[in-house]
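Okay, structure first, notes after.
The values are calculated or read from the model by the stated rules, or taken from the named source; none is laboratory data. Treat the numbers as computed from the prediction; the structure is a model and nothing was measured. Cβ placement follows ideal geometry from the backbone for every residue including glycine, while neighbour counts extend to all protein chains displayed. For accessibility, only protein heavy atoms count, side chains too; no ligands or nucleic acids. Shrake-Rupley method; radii C 1.70, N 1.55, O 1.52, S 1.80 Å.
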Amino acid sequence: MRVSVIGAGYIGLVTAAGCAHDGHSVVCIDTDKSKVDSINQGTSPLYEEGLDELLSHCVGVAGNLKASLEHQDILGTDISLICVGTPSNSDGSINLGDVREAARRIGHVLGRKKDYHVVVTRSTVIPGTTTDVIIPLLEKYSGKRVGEHIGVAYNPEFLQEGRALKAFFNPDRIVIGEFDKKAGDILAGIYQGISAPTFRTDVTTAEMIKYASNAFLATKISFINEIANICHKLGVDVYQVVKGLSFDYRIGDKFLSAGIGFGGSCLPKDLRALVSASSTKLGYPAPLLRAVLDVNETQGLKIVEIAERKLGDLDGKKFAVLGLAFKPNTDDVRDAPALRVVRVLLEKGASVKAYDPEAMENAKAVLPPGVEFCNSAGEAIAESDCVLIMTEWDEFRDESLYKGRIVIDGRRALDPRKAKALCDYQGVCW
Ligand code: UDX
């Protein structure tokens, strides 16, 4: 199939590379020239395991993937996948600016296309967006009828950064929300080579499935963090509690790692957007989901409270911050708990030496001046008064790195028993 992907961010690029790997002919359209150039040289503009290799193969060897600045390249394709960002507004509501722009531009191009064309949104959008925003824009700018000349579908992505390609090729499920059946059939054709349960439904239900999925994952994390905080007061290890829980098939052991809470480009933002839309548009204040956000908000700064209890006034204290990405195996720092903690430490007059194997450039771009970026964990740790482990990268899991130091572990990166034998070790909630 001939596929155009609009947006070369994490989702767009993984989707484009995944489709090209599966034999489709793909053009990835983005307005950022440096991204387009990088992709056309077969190099990923972002860090995601396996993506560089796959891009270089599809662009350079197979020749079935290219990037472009031109939306008119949509004309040579059968299906367009909208994969642009949906950031938060300052009040937490969803910002659909890029989605609207993509729909306008696609509509404009489709005004000139003779054949039926399918437009699929993969960006996470508030339920109702496809019918209330995207379809009217496509019809307005193309002058054509959706359901007749243009097919529309919503196909949520469930890609976890760090294992996004694996998730693309081996998804737990494929959800196809179709406005018209023909669009759903054509979209299903993209995933022909992938073996996974496929659930076909209407577009609004598919949009809601994505939010419900992220809301549930976030709820699991805040739930276990709340349990961990209670366990901590009782002197009970929450990780042992989870082991005991996990034998119950209804509960399992996934997404129950207690620590400094969830960050990233999706869970915090999507939860805020859902709470905001539910409260303001639907008149339902979503108290459970608000509590999930509240627990996460407090959890992120517990590591600073512990440091204050151990060191007293933080003014003039030297911190080593290990890990800046919101989780390991990514260079993404969006809503990363580490960034918030670094800002608070600086405000309190502490000095910060930071290290992350992949995310330093992205962190440098958003952190205030004053942070010293190091070339290794060892360099950051040397001469520190206190080490904070904020991301559980494998290279931080070596207890011997921390000999004689005060260490606060936000991610259960270390084995507490081994660590306690070597350093002054404290888990954030164990
Ligand atoms: C998430 C969803 O998992 C994915 O399906 C969706 O498409 C996008 O959002 P991602 O943001 O890549 O994926 O990260 P995820 O692995 O879900 O982790 C999110 C955050 O939760 C990270 O900060 C992680 O450290 C934290 N987390 C995760 C915990 O604190 N405890 C856990 O048990 C699991």
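Using the C-alpha atoms of the chain, what convex hull volume per residue, in cubic angstrom, is computed?
Given the Cα convex hull of the chain, per-residue volume reads 146 Å³.
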inquiry  = Could you sort Asp52, Asp132, Asp22, Asp270 by their accessible area in this structure, using a 1.4 Å probe and putting the largest first?
reply    = Asp132, Asp52, Asp22, Asp270
ask   = Charges only on Cβ, +1 for Lys and Arg, -1 for Asp and Glu: so what's the dipole of region 221-430 about the Cα centre, in debye to the nearest 20?
value = 540 debye
task = Pairs of Cα atoms under 8 Å, at least six residues apart: use those to get the relative contact order of region 295-357, whole percent.
result = 40 percent
task = Determine by what factor the alpha-carbon radius of gyration of region 221-430 differs from 2.2 N^0.38 Å, reporting the quotient.
result = 1.03
inquiry  = Between region 356-430 and region 265-328, how far is it from one alpha carbon centroid to the other, in angstrom?
reply    = 19 Å
Within a Gaussian network of the chain (alpha carbon springs, distance under 10 Å), most fluctuating of Pro268, Pro156, Pro136 = Pro136
query = Arg250 to Glu347: FRET efficiency via 1/(1 + (r/R0)^6), r the Cβ-Cβ distance, R0 60 Å, to the nearest 0.05?
reply = 0.85
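Could you look at region 361-430 and say what percent of its accessible area is carbon and sulfur, using a 1.4 Å probe and all protein chains? Each step should come with its number before you reach the end.
Details: 1460 of 3250 Å².
Heavy-atom surface of region 361-430 belonging to carbon and sulfur, 1.4 Å probe: 45 percent.
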query = Taking +1 at the Cβ of each Lys and Arg and -1 at the Cβ of each Asp and Glu, which of Asn296, Ile306, Val407 sits farthest along the dipole of region 290-430 towards its positive end, judged by Cα position relative to the Cα centre?
reply = Ile306
task = On the full set of protein chains, 1.4 Å probe, figure out the accessible area of Asp385 and give it in Å² to the nearest 10.
result = 50 Å²
query = In square angstrom, rounded to the nearest 10, how much accessible surface does Tyr10 have for a 1.4 Å probe?
reply = 30 Å²
note = Dividing the mean separation of Cα pairs under 8 Å (6+ apart) by the residue count of region 2-206 yields a relative contact order in percent of 19 percent
message = Suppose we keep just the DSSP beta bridges with both residues in region 59-153; what percent of those would be antiparallel, to 5?
response = 10 percent
key: Cα-centre dipole for region 2-206 with unit charges at Cβ (Lys and Arg positive, Asp and Glu negative), debye to 20   = 580 debye
query = Can you give the accessible area of Val407 in Å² (nearest 10), computed on protein heavy atoms with a 1.4 Å probe?
reply = 0 Å²
Computed over the chain: relative contact order in percent, which uses C-alpha pairs under 8 Å that are six or more apart = 11 percent
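So for Met1, Met390, Met360, what's the accessible-area order with a 1.4 Å probe, most first?
So, going from the largest accessible area down, we get Met1, Met360, Met390.
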note = The alpha-carbon center of region 1-66 and that of region 117-177 are separated, in whole Å, by 19 Å
